[in-house]
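Student: So that we are looking at the same thing, I have put the structure below in structure tokens.
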Amino acid sequence: MSHKSGAHPIYDNFTQSVLNRKLQVALGIAVLTLFVVGAISYRGMGVSDESYRWVRHTHEVLENLQELLSAMQTAESSYRGFVITGNEEYLQLYRSSIVRSQEEQTVIRDLTVDSPPEQARVSTLERLAVQKVRYAETVIALRRTKGFEAAAESIQSGEGQGIMDEYGNLIRAMQNEELRLLVFRDADSKRRLRQTKTLLIVGTLLGLFIGAGASWSVQRDISKRRLAEGALFVERERAQVTLNCIGDAVVSTDISGNVTFLNLVAEKMTRWSRQEAAGRPMSEVFRILDAASRETIPNPMEMAVGQNRTVHLPSNCILIRRDGFEIPIEDSVAPIHDREGQPTGAVIVFRDVSAAQAMSLQMAHSAQHDFLTGLPNRMLLNDRVSQAIILAPRHMKSLAVLFLDLDGFKHINDSLGHPIGDKLLQSIAKRLVNGVRGSDTVSRQGGDEFVVLLSEMEQSEDAAIAARRMLQAVAEAHSIDLLDLHVTSSIGVSVYPDDGIDAETLIKHADTAMYQAKENGRQSYQFFKPSMNVRAVERQSIEGSLRRALERQEFALYYQPKVNLRTGRITGAEALIRWTHPIRGLVSPAQFIPVAEDCGLILPIGNWVLREACQQARAWLDAGLFLGTMAVNVSAMEFLDENFLKGLFAILKDTRLDPKLLEVELTESVLMKRAESAASVLKTLRENGVQLAIDDFGTGYSSLSYLRKFPVDSLKIDQSFVRQITSSPDETSIVAAVISMGRSLKLRVVAEGVETQEELSFLQAHRCDEAQGYFFSRPVPPQQFAKLLEAGILETVRA
């Protein structure tokens, strides 16, 4: 009993000691295990927090980069929209986009402050943005001052597009870097999460085996682990949303080149879903060809991983979609690294550039073609003429340049409106194109001028045949908005190499020949001759001087009396303009009036003549001198101007001249150009008392039926017929017939250019009413004409 009772406490103590030691060891191991597990859990939570912060930071950088690129692209399209349309609303959008881009640059600089490489890229972005703004402002200024063609030519130079391409490439490089980091951090977080999960499970099992005393610590670690898993899941979802929200397509692969991820844009562009593409070779999902050679482009993923650097595809590559549809793309490919810097895969970012290419083609076409007719413009024509000059000697051919200008187009444009004028130009352009070969070029130079290049001609007569064909095609009636419009043209022709060896000279000489064709009567063609250059220079000099003649008061009016052939009394005066040039001296009206009509200066000059003549007539009346009528010649351009009547009646009102004392002289050709509208204007003049005369009668093409419709008061026989009275006595029947016809129509007949007694006697014998010419008096200044009015009668007539 005593033995047993004595041994038991020792055994118990030993057992207890062992148990205590085991418990202590177990507790120590448990504590150590829990410490290790806790440390791993804490570190896992830190990794989760760090991943959350980096993903959120990457997301913000990507969003702001996308906003910055969008702002600059909006600014680019806006100022180009202004160049094409001239609409100022595009400039408002352009200015706001520039301000928005500057704000985004500031935000991105703040977000990347801890990354010196990114800070350097931001500085480059800001420099490129400044360059782009300067260039855009230059193009906008060109559009405002020199027009669309100059601005489009500047855009076509490619400088602005080069800046924009460099800007876009830099932003995409920053996006690719952020995406690469995002993919890497997501993969790293997953790996660390798996490690943490494994260690937590092992630690949990050890805690359970060690004892219930460590269970509460394990439970706490499990809770933390679940929180960490939840945080990582949220961040993975956020990264997924970020990749799906960006505008570019994103595809990633593993180190073997198999697809691991596609965002929504990539799914749409390739027509592969993420589930179907996962695990497939990249070459199967992302098929790309060279657009020119149609050859397969080497896998860019292998290049990026093999060279361990970011690479770009060629600029002309196309993506073959799963359904076979082709899309032009541009992209960049970057390798994905683990924390040790070893490649684990690659990520490619690409985008559809169809719209950008279409815009580029449109801008290129607009820069080289006329916006109204679609014909090549001056720039493209010069290029084609230069190319034809290079090819002509090789093929033993010549070439010709035809410069075509419409006769009277301005009157149609002004009277019927620009929309009708534009449609007429389009109709003429179509006829010219249909009348030449496919190898020839029809170009619109602007306004109503066209230039035609006839390449590879056998002989110069071919150009003459083409010119006659064009004259006929243009002259045929054009049906525009239920109107039959008639217009003629004048053509100048220059031939290579006789008339020039470069495009500029050939076009210039054809232009010079065209003016000669106009002077020869219009509706004709004329080949260039070297002597025309002298006349062209002379013409240019006259035009330049004419533009300053009015303000320098170089014009003056002379007056020639009209005489009653029965009584010898002065019945009126014809106002005739004279120009005294400060260097040339007296310039003949025959020299400067045609130039004034062609360049449009006849309108202000004619207005000055009318006002000056009315003021002089009023002055003579106020001085008690009987004048009769004051005759003023009105050109076709003046008569057809929409403000003609308004201006004439305003002058009569300002000068207080009775309308019955004013006689407007118009030629037959002026009246017949638009007979119906001319009759309406004449009726208005007649109703207000203004006298009307047909000048140079017999040289035009009016018919008797039309003549009877016009409410005119007198006919003036052209001096060329009066000359026949003495030079060709057998042909005096025309003068006699005109006098007889005028009397039968109850019109006053006036003979022009009477210079001899024989002419006067013939006119008196045939009962001509009035006459004027050197026989009575030359045109004289106002002071000298006043003396004639004081006499009131010319004795030469009575004698």
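Student: Output the residue which, of all residues in segment 447-481 that are closer than 16 Å to Gln426 by Cα and small (Gly, Ala, Ser), is modelled with the lowest pLDDT.
Tutor: Residue satisfying both the conditions and the ranking: Gly447.
Student: Give me the pairs: first residue in segment 140-166 and under 20 Å from Asp370 (Cβ atoms) and touching a residue at least 60 places away in the same chain (Cβ under 8 Å), second residue surrounded by 15 or more Cβ atoms within 10 Å (Cβ to Cβ) and among the polar types (S, T, N, Q), beta-carbon distance under 6 Å, and six or more apart or on different chains, which are they?
Tutor: Between residues of segment 140-166 that are under 20 Å from Asp370 (Cβ atoms) and touching a residue at least 60 places away in the same chain (Cβ under 8 Å) and residues that are surrounded by 15 or more Cβ atoms within 10 Å (Cβ to Cβ) and among the polar types (S, T, N, Q), the close pairs are Ala152/Ser366.
Student: Residue check, Asp440 against (1) surrounded by 16 or more Cβ atoms within 10 Å (Cβ to Cβ); (2) touching a residue at least 24 places away in the same chain (Cβ under 8 Å); (3) farther than 25 Å from Ala678 by Cβ; (4) not polar (S, T, N, Q), all met but one. Which one?
Tutor: Asp440 satisfies all of (1) surrounded by 16 or more Cβ atoms within 10 Å (Cβ to Cβ); (2) touching a residue at least 24 places away in the same chain (Cβ under 8 Å); (3) farther than 25 Å from Ala678 by Cβ; (4) not polar (S, T, N, Q) except (2).
Student: With respect to the numbered conditions (1) at pLDDT below 90; (2) assigned to a strand (DSSP E or B), which one is the sole condition not fulfilled by Phe592?
Tutor: So the condition that Phe592 fails would be (2).
Student: Only one of Glu118, Glu153, Glu126, Glu104 is of a type in the set (Asp, Glu), within 28 Å of the chain's Cα centre (by Cα) and either part of a helix (DSSP H, G or I) or farther than 30 Å from Thr58 by Cβ (or both); which?
Tutor: Glu153 is the lone residue from the list that is of a type in the set (Asp, Glu), within 28 Å of the chain's Cα centre (by Cα) and either part of a helix (DSSP H, G or I) or farther than 30 Å from Thr58 by Cβ (or both).
Student: Ok, one more. Would you confirm whether or not segment 293-304 contains a residue that is small (Gly, Ala, Ser), exposed (fewer than 15 other Cβ atoms within 10 Å of the Cβ) and modelled with pLDDT of 85 or more?
Tutor: The answer is no; no qualifying residue exists.
Student: Among the residues of segment 709-733, which ones are open to solvent by 10 Å² or more (accessible area, probe 1.4 Å), hydrophobic (A, V, I, L, M, F, W, C), closer than 14 Å to Val750 by Cα and in a helix (DSSP H, G or I)?
Tutor: Within segment 709-733, just Phe721 meets the criteria.
Student: Right, here's the next one. Can you pull out the residues in segment 534-565 that are open to solvent by 30 Å² or more (accessible area, probe 1.4 Å) and without any contact (Cβ under 8 Å) to a residue 24 or more places away in the chain?
Tutor: Matches in segment 534-565: Val534, Arg535, Val537, Glu538, Gln540, Ser541, Arg548, Glu551, Gln553.
Student: So is Leu789 at pLDDT below 95, under 24 Å from Glu663 (Cα atoms), in contact with a strand residue (DSSP E or B) (Cβ under 6 Å, 6 or more places away or on another chain) and assigned to a helix (DSSP H, G or I) or not?
Tutor: no
Student: Right, something else. Checking the structure you have, find out if any residue of segment 744-757 is modelled with pLDDT under 95, under 20 Å from Arg723 (Cβ atoms) and in a helix (DSSP H, G or I).
Tutor: For segment 744-757, residues modelled with pLDDT under 95, under 20 Å from Arg723 (Cβ atoms) and in a helix (DSSP H, G or I): present.
Student: Kindly indicate the residue of segment 620-650 that is among the aliphatic types (A, V, I, L, M), within 30 Å of Glu790 (Cβ to Cβ) and out of contact with any strand residue (DSSP E or B) (no Cβ under 9 Å at 6 or more places or on another chain) and also least open to solvent (accessible area, probe 1.4 Å) among those meeting that condition.
Tutor: Looking at residues that are among the aliphatic types (A, V, I, L, M), within 30 Å of Glu790 (Cβ to Cβ) and out of contact with any strand residue (DSSP E or B) (no Cβ under 9 Å at 6 or more places or on another chain), I get Leu625.
Student: Please enumerate the residues belonging to segment 746-764 that are open to solvent by 20 Å² or more (accessible area, probe 1.4 Å), more than 57 Å from the chain's Cα centre (by Cα) and without any contact (Cβ under 8 Å) to a residue 60 or more places away in the chain.
Tutor: Selection gives Lys746, Glu755, Thr756, Gln757, Glu758, Ser761, Phe762.
Student: Restrict the check to segment 367-378 and report whether at least one residue is part of a helix (DSSP H, G or I), surrounded by 14 or more Cβ atoms within 10 Å (Cβ to Cβ), among the small types (Gly, Ala, Ser) and in contact with a helix residue (DSSP H, G or I) (Cβ under 9 Å, 6 or more places away or on another chain).
Tutor: Yes, segment 367-378 contains a residue that is part of a helix (DSSP H, G or I), surrounded by 14 or more Cβ atoms within 10 Å (Cβ to Cβ), among the small types (Gly, Ala, Ser) and in contact with a helix residue (DSSP H, G or I) (Cβ under 9 Å, 6 or more places away or on another chain).
Student: Additional query: Among the residues of segment 309-324, which ones are over 18 Å from Phe261 (Cα atoms), over 33 Å from the mean Cα position of the chain (by Cα) and open to solvent by 80 Å² or more (accessible area, probe 1.4 Å)?
Tutor: Arg309, His312, Asp323
Student: A follow-up question, please. Which residues, counting only those in segment 130-144, are open to solvent by less than 60 Å² (accessible area, probe 1.4 Å), more than 15 Å from Met72 (Cβ to Cβ) and not aliphatic (A, V, I, L, M)?
Tutor: Arg143
Student: Follow-up. Name the residues in segment 607-648 that are of a type in the set (S, T, N, Q) and not in a helix (DSSP H, G or I), would you?
Tutor: Scanning segment 607-648 gives Thr629, Asn633, Ser635, Asn643.
Student: May I pose another question? Considering only segment 265-284, state which residues are surrounded by 15 or more Cβ atoms within 10 Å (Cβ to Cβ) and either under 21 Å from Glu177 (Cα atoms) or of a type in the set (A, V, I, L, M) (or both).
Tutor: Val265, Ala266, Met269, Ala277, Met282
Student: Residue check: is Arg444 at pLDDT 90 or above, among the charged types (D, E, K, R), more than 28 Å from Trp579 (Cβ to Cβ) and touching a Leu at 6+ places or on another chain (Cβ under 7 Å)?
Tutor: Here the answer is yes, as Arg444 does meet what is asked.
Student: Something else about it: Quick one: count up the residues across segment 487-516 that are open to solvent by 10 Å² or more (accessible area, probe 1.4 Å) and closer than 29 Å to Ser415 by Cβ.
Tutor: The total comes to 4.
Student: What residue, among those in segment 339-358 that are out of contact with any strand residue (DSSP E or B) (no Cβ under 8 Å at 6 or more places or on another chain) and open to solvent by 50 Å² or more (accessible area, probe 1.4 Å), is modelled with the highest pLDDT?
Tutor: Restricting to residues being out of contact with any strand residue (DSSP E or B) (no Cβ under 8 Å at 6 or more places or on another chain) and open to solvent by 50 Å² or more (accessible area, probe 1.4 Å), the top hit is Gln342.
Student: If Ala400 satisfies all but one of (1) in a strand (DSSP E or B); (2) farther than 30 Å from Val474 by Cβ; (3) open to solvent by less than 60 Å² (accessible area, probe 1.4 Å), what's the number of the condition it fails?
Tutor: The failed condition is (2).
Student: Answer with yes or no whether Thr571 is surrounded by 17 or more Cβ atoms within 10 Å (Cβ to Cβ), out of contact with any His (no Cβ under 6 Å at 6 or more places or on another chain) and without any contact (Cβ under 8 Å) to a residue 40 or more places away in the chain.
Tutor: No, not satisfied.
Student: Within segment 508-515, identify whether any single residue is part of a helix (DSSP H, G or I) and in contact with a His (Cβ under 8 Å, 6 or more places away or on another chain), and answer yes or no.
Tutor: Scanning segment 508-515 turns up no residue that is part of a helix (DSSP H, G or I) and in contact with a His (Cβ under 8 Å, 6 or more places away or on another chain).
Student: Would you point out the residue of segment 105-123, among those that are in contact (Cβ under 8 Å) with a residue 24 or more places away in the chain and open to solvent by 40 Å² or more (accessible area, probe 1.4 Å), that is farthest from Glu159 (Cα to Cα)?
Tutor: Once the filter is applied, the top-ranked residue is Val107.
Student: Given the conditions (1) open to solvent by 30 Å² or more (accessible area, probe 1.4 Å); (2) more than 23 Å from the chain's Cα centre (by Cα), report the number of the one that Leu454 does not fulfil.
Tutor: (1)
Student: Then there's this: Scan segment 574-585 for residues that are at pLDDT below 90 and open to solvent by 50 Å² or more (accessible area, probe 1.4 Å) and report the count.
Tutor: Matching residues across segment 574-585 total 3.
Student: Which one of these does Pro419 not meet: (1) open to solvent by less than 30 Å² (accessible area, probe 1.4 Å); (2) more than 28 Å from Gly521 (Cβ to Cβ)?
Tutor: (1)
The values are calculated or read from the model by the stated rules, or taken from the named source; none is laboratory data. Only a predicted model underlies this, so the values are computations on that prediction, with no experimental measurement involved. As a convention, Cβ positions derive from the backbone with ideal geometry for all residues, glycine included, and neighbour counts pool all protein chains shown. To get the accessible areas, we keep the full protein, side chains included, count just its heavy atoms, and leave off ligands, DNA and RNA. Shrake-Rupley method; radii C 1.70, N 1.55, O 1.52, S 1.80 Å.
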